[in-house]
Structure formats: C-alpha cells, structure tokens
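Heads up: the structure comes next, in structure tokens.
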Amino acid sequence: LGPLRSLAVRAGIEFGTAVSASHLDEDSVYRTLLSREFSSITPENEMKWESLGPEPGRYVWENADRIVAFARAHQQRIRGHTLVWHNQMPVWLKPDAFSPDELRKILQRHIQTVVGRYRGSIWQWDVVNEAFNEDGTFRDTLWYRAFGGPEYIAWAFRWAKEADPQALLFYNDYNLEFPSPKADAVLSFLARLKAEGVPIDGIGLQGHISLRYGFPHAQELLDHVRRFVDAGFYVAFTEVDVRMPLPRDNTKDLAQAQVYTQILSTCLALKGKCLSFSIWGFPDKYSWVPGFFPGEGAATPIADDYSPKPAWYQMGLLLYVA
Ligand code: G3I
C-alpha cells in the first residue's frame, strides 16, 4: 500500500500521532515508523505547562525542541498541545499562592512565551483543552475562578493569535465525537465567541473510544461532525484511540478496526474542513490507556511488537481508495 502518510496526503488530509520525546530517544523502530508513516505529530506531554514550566518564570525547552526538530527534519506538521488545561499544571501554580489578577497575567505570559517561541513552527495549537463538563456546564478550574467565568477562553485565543498569527487555533475536548449535551454546549459557546470576533479556527475531537460502549453509526457520526463544520469551524480528530477489554483477540481487533475506519472515513468525507486524523500514540505498549483504565488496553492500531493490526491495514485501504 505504501506509507499511510503519503496515502493520506494524497487523499487530502494529514495523518498524525502523539509522540513522546523519550521513545524518540530510545527506540529506533519507533523513530522509523514515526517518520515514515505520519505527516503530523503532537507532543504527548512535552508542551504541557508541567513539562515546560517547572518553576515560575523558568522554561525548559529541550524535550519539546527535540520533537520540533524531528518534525522539521521529516517534513511533518506539528499540533501544539496544549496551552490552557486544568491538568498537568506545574506544582507551583497553586490557586492560593496568587491573586486572580496575578493568575490572569501568568496565563497571558505563558501563552505569549510558548506560542512565541514556536511561532511559525506550529500548524495547529490546542489553545484550550477540556474546559467543559459532560453535562455541558463549564468545568470549575483555576482559570475559570481567576477570571470569574469562562472569559479566560476568549482571552487565551486572542493572546495566542497575537503571538503567532499563522497558527490555526483549536479548542480540543473528548466526547465531542457523538451527540451529547457537552458537544452541544461546546459548539454553541464557540460559535458565539467566533461571532464576537474571537480568533478560533477549529474544534479538536479527541476520539478516545472504548469498545465497551456503543459508537454511532457512520451516517450519524458524519451528520454530527458536519454540525461543527457548518458552524464555520475546521475540525480535526486529534487523539484517536480505541481501547478494548484485555486480552486482545481477533473479534475485538476487527471491532476496533471498524471504529478507526469509521472515524477516518468521516474525516475524509469532510476533507478540506477536516484537516487531520491523529492517533494518540503507538504501539500499544506506549499508550496511556492501560495506566488509566485497568483491564483495558491494546488501543492503538500497532501491536506491541510493531506489527500492524487490522485497524492499520483497513485505514491504509481506506486511504488508498479515497
Ligand atoms: O514524567 C513523569 C515521570 O517523571 C514519573 O516518573 C512518572 C511516574 O508516574 O510519571 C511521568 O509522568 C506521567 C506523564 O504522563 C508522562 O509520561 C504522568 O504520571 C502521567 O499521568 C501522564 O499521563 C498523560 C496524561 O495525559 C495526563 O493527563 C498521558 O501520558 C497522556 O497521554 C495524556 O494525554 C491526554 C491529553 O493530553 C488530553 N486528552 C486526554 C489524553 C489522555 O488522557
């Protein structure tokens, strides 16, 4: 079939993955597959605030820089991930240690610093990550409190835009792939901000799926994702993985392949508006899933020994005929 990255680009989308700097250093098979098969990469942890900012005002760029250099060497695009999140924050960033006014300045400076450093190198930035609850209300975070409401979201996009006018700016979240109160709330809130002139280009649909739960049928998925496009946003599938109750078997591998291809074909059907389809790392042994969902795993399309699983072959076929 040929590398998936060239099939994807020929079909009009980018094919991406999350990448970890430590695997990049230690695992040459990983490096080979990463450069050969993917046209876009997302640092899995290395651009998060916890990783970049161990102490107030001090930034550590090495790991993120290595990923950026790898991408440049292999003509890959980069999804920057992520500027504003309630998780993986540095330990010094405690609500009690700062006034709301100081926190607002800290956030502004962080965005200016990180986006400014990588100005011109980042294709899509996940500016704000996971700001909503499942019921569609705003998540109660440090930033929500510091700004006295969701205004931090608009500010984050404005500051990011100033720091790199070329980057595409995304809001990124999970459980947006199917109809839900959260998807409705995200869409109507972002559409309102966009109408007010806030520079939001796209919505990232993470795509962390479990075979334990049902998944929408193809047409339902497409109709749902089209709503974001119709509201004037680009979309990207940003963190796709499909976990299964362990152990793996053929039936589960095939069910997994079906979910992967269904999401990929949705992106292809919306090409031009769906910019990229990214998996959240590979192979299975490097996935975040087993550490977070005991009893589940095998979530990526590449097995522990680097052999491609049915999901990989079927995605290849789909891209080939696209
Ligand atoms: O770096 C430390 C290491 O020094 C320490 O020894 C080790 C011991 O636990 O932990 C290491 O940090 C871990 C980090 O990944 C780097 O590997 C953290 O414990 C672990 O919690 C962290 O997990 C990451 C998770 O986000 C945190 O929320 C996953 O790798 C990463 O895949 C995951 O990614 C998120 C996206 O950013 C946003 N969407 C959901 C997605 C999955 O949770």
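G281 versus (1) surrounded by fewer than 22 Cβ atoms within 10 Å (Cβ to Cβ); (2) more than 21 Å from D249 (Cβ to Cβ); (3) not basic (K, R): which is the lone unmet condition?
So the condition that G281 fails would be (1).
Which one of L221, L193, L187, L205 is out of contact with any His (no Cβ under 8 Å at 6 or more places or on another chain), of a type in the set (A, V, I, L, M, F, W, C), under 30 Å from D284 (Cβ atoms) and away from the ligand (no atom under 16 Å from the Cβ)? Show your work before the answer.
Details: L193 fails: under 30 Å from D284 (Cβ atoms); L187 fails: under 30 Å from D284 (Cβ atoms); L205 fails: away from the ligand (no atom under 16 Å from the Cβ).
Testing whether each residue is out of contact with any His (no Cβ under 8 Å at 6 or more places or on another chain), of a type in the set (A, V, I, L, M, F, W, C), under 30 Å from D284 (Cβ atoms) and away from the ligand (no atom under 16 Å from the Cβ) leaves just L221.
Checking the conditions here, which among G214, G232, G272 is out of contact with any strand residue (DSSP E or B) (no Cβ under 7 Å at 6 or more places or on another chain) and within 17 Å of I13 (Cβ to Cβ)?
Of the residues listed, the single one that is out of contact with any strand residue (DSSP E or B) (no Cβ under 7 Å at 6 or more places or on another chain) and within 17 Å of I13 (Cβ to Cβ) is G272.
Starting from region 101-128, take each residue that is more than 21 Å from Y234 (Cβ to Cβ) and list its partners that are assigned to a strand (DSSP E or B), counting only C-beta distances under 8 angstrom and pairs at least six apart or across chains.
Cβ pairs passing all conditions: L107/V84; H110/L83; V114/G80; V114/L83.
Can you spot a residue in region 301-316 that is in contact with a strand residue (DSSP E or B) (Cβ under 8 Å, 6 or more places away or on another chain) and within 14 Å of the ligand (Cβ to nearest atom)?
no
Mind checking which residues of region 191-216 are assigned to a helix (DSSP H, G or I) and either touching a residue at least 40 places away in the same chain (Cβ under 8 Å) or touching a helix residue (DSSP H, G or I) at 6+ places or on another chain (Cβ under 9 Å) (or both)? Lay out the reasoning, then the answer.
We begin by selecting, within region 191-216, every residue assigned to a helix (DSSP H, G or I); these are 191-195.
Those that are assigned to a helix (DSSP H, G or I) and either touching a residue at least 40 places away in the same chain (Cβ under 8 Å) or touching a helix residue (DSSP H, G or I) at 6+ places or on another chain (Cβ under 9 Å) (or both): A191, L193.
Checking the condition of a type outside the set (A, V, I, L, M, F, W, C) and surrounded by fewer than 20 Cβ atoms within 10 Å (Cβ to Cβ), which residue from E62, E46 passes?
E62
Take the residues in region 49-59 that are outside any helix (DSSP H, G or I) and within 15 Å of the ligand (Cβ to nearest atom); name whichever of them is surrounded by the most Cβ atoms within 10 Å (Cβ to Cβ).
So, considering only residues that are outside any helix (DSSP H, G or I) and within 15 Å of the ligand (Cβ to nearest atom), the one surrounded by the most Cβ atoms within 10 Å (Cβ to Cβ) is G53.
Mind checking which residues of region 65-105 are over 24 Å from the mean Cα position of the chain (by Cα) and either modelled with pLDDT under 95 or not in a loop (DSSP other than H, G, I, E, B) (or both)? Spell out how you get there, then give the answer.
The initial filter retains those residues of region 65-105 that are over 24 Å from the mean Cα position of the chain (by Cα), namely 92, 94-105.
Result: K94, P95, D96, A97, P100, D101, E102, L103, R104, K105.
Just to be sure I understand, how many residues within region 268-291 are assigned to a helix (DSSP H, G or I) and over 23 Å from T32 (Cβ atoms)?
5
When the residues of region 18-34 are narrowed to those that are closer than 14 Å to V68 by Cα and surrounded by 18 or more Cβ atoms within 10 Å (Cβ to Cβ), which ends up farthest from the chain's Cα centre (by Cα)?
This residue is L24.
If I go through region 98-129 residue by residue, how many of them are within 21 Å of G57 (Cβ to Cβ), away from the ligand (no atom under 16 Å from the Cβ) and out of contact with any Pro (no Cβ under 9 Å at 6 or more places or on another chain)?
Step one: of region 98-129, the residues within 21 Å of G57 (Cβ to Cβ) are 98-119.
Next cut, away from the ligand (no atom under 16 Å from the Cβ) only: 98-113, 115-119.
Going one step further and asking which of them are out of contact with any Pro (no Cβ under 9 Å at 6 or more places or on another chain), we end up with 98-102, 104-105, 107-113, 115-118.
Residues meeting the conditions: 18.
Look through S180, S210 and report the one residue that is of a type in the set (S, T, Y) and away from the ligand (no atom under 16 Å from the Cβ). Write out each step before concluding.
Values: S210 fails: away from the ligand (no atom under 16 Å from the Cβ).
Going through S180, S210 in turn, just one is of a type in the set (S, T, Y) and away from the ligand (no atom under 16 Å from the Cβ): S180.
In region 130-143, which residue that is surrounded by 14 or more Cβ atoms within 10 Å (Cβ to Cβ) and assigned to a loop (DSSP other than H, G, I, E, B) is nearest to the ligand (Cβ to nearest atom)?
So the residue we want is E130.
The values are calculated or read from the model by the stated rules, or taken from the named source; none is laboratory data. Remember, it's a predicted structure, so these values are computed and weren't measured experimentally. Here the Cβ is made from the backbone with ideal geometry for all residues, glycine too, and neighbour counts use every protein chain on show.
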